[in-house]
Amino acid sequence: MSVLVRALGALALVALVLGPAAAASRWGWLGVRIRDLSEQEMDDISKRHGLREGFGAMIVEVIKETPAEASGLRAGDLVVGFRDRPVVDTRTLQRLIAQAGVGEMVALTILRGNEGRRGMQVRLAAMPAPVVADRVAAEFGFVVREPDPQAELGQRRPATLPAVAFVVRGSRADRAGLKVGDVLVELNGRPVLTLEAAQAALREISAEQALSVVVRRDEVQVTVLVPAP
C-alpha cells in the first residue's frame, strides 16, 4: 500500500475539530474508517429515502476488536444520526463521538442497503494513543508516516526520523509551508527522533494553538509555524 493511500486512510479516520489536548484521554472512540458522500450518492439517497436523508457518514471499514465491531456495524452502513442529532458529514460524527464519554452507550441511526433505517446501540471505548496523535496532526492538516524500512546493517536496522506523508490542500499546515517529505526534527521545541516520540509530542498539543515544526528539507533545517485557527 502506498504512502499516499495510507495517508488518505488516516485522514478519513481522523479529520475533525478538536478540543484542548487535556481532554484527549476522555475522547470516545468507535473504531471505524469513514468518508463523506459524493454528490451522486447524496442524490441517490435523497431519492430513495427522502430529501432529509441526503447526508451522512459512510463507514468504509470496521476495525477489528472495536466497539463498532461488537455492536454489529458493517462497512457500507451510512450513519445519519447520533442520539437525537443529525450526522451531516464525517466531521460531525467524529466530533460527537470524541465528545461523548468513554464507556458511554450511544444510539446511532444508520441506513443499511435495502434494509433501510435502523437504530444501533454502541458502547464507546477510549481512543487509542496513536489515533489521538493522528487526529491532532490531521486537525493541523498533515499526516506523519512511519519510518521507511531500510536494509539491515548486520543485526541492526538504522533508525529513520518520522516524516510528513501528506498535507491537506488549503489547511493550516499547507498555508504555513509544510511539505510532503519534510523530516520532523522538533514539535513545539520537543525533539522527535522516532515515530513514537512524534506521537507522544502530538498528544500533548492543542489543535487550538499554534504549532512550531522544525523539519529537515533538502539537507537544510527549516522552522514552520502553523498558526492557530
Of the peptides 161-168, 71-78, how do they stack up when ordered by the mean number of other Cβ atoms within 10 Å, highest first?
-> 161-168, 71-78
Between residue 85 and residue 40, how many nm apart are label points set 7 Å from Cα along the C-beta direction?
-> 3.2
List, in order, the whole-Hz ³J(HN,Hα) value for each residue of region 164-181 obtained from phi through the Karplus relation with A = 6.51, B = -1.76, C = 1.60 and θ = phi - 60°; use x for Gly and Pro.
-> 7, 9, 7, 10, 6, 4, x, 6, 4, 5, 5, 5, 7, x, 5, 10, 4, x
Separation of alpha-carbon centers, region 168-206 and region 98-134, rounded to whole Å = 28
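Between residue 126 and residue 194, what length comes free when the chain is fully extended (0.36 nm per residue of separation minus the Cα-Cα distance, one decimal in nm)?
Values: separation 68, 0.36 × 68 = 24.48 nm, distance 2.42 nm.
Stretched fully, the residue 126-residue 194 segment lengthens by 22.1 nm.
Arranged from highest to lowest average of other beta-carbon atoms within 10 Å per residue, in what order do the peptides 214-221, 169-176 appear?
Details: 214-221: 12.8, 169-176: 15.8.
Packing proxy ranking, top to bottom: 169-176, 214-221.
Expected output is a single nm value to one decimal: the length gained when fully extending between residue 95 and residue 217, i.e. 0.36 nm times separation in residues minus the C-alpha distance. What is it? Could the numbers behind the result be given before it?
On the way: separation 122, 0.36 × 122 = 43.92 nm, distance 3.39 nm.
Here the segment from residue 95 to residue 217 would lengthen by 40.5 nm.
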Simple spin-label model, 7 Å along Cα-to-Cβ: residue 64 to residue 102 in nm?
-> 2.4
Return the long-range amide H neighbours of residue 81 (sequence gap of 5 or more, or a different chain), with a cut-off of under 5 Å between placed amide H atoms.
-> 87, 109
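A short reminder: the numbers here are calculations on the coordinates, not readings from a lab. These numbers come from a predicted model, not from an experiment. So basically every Cβ, Gly included, is an ideal-geometry build from the backbone, and we count neighbours across all protein chains shown.
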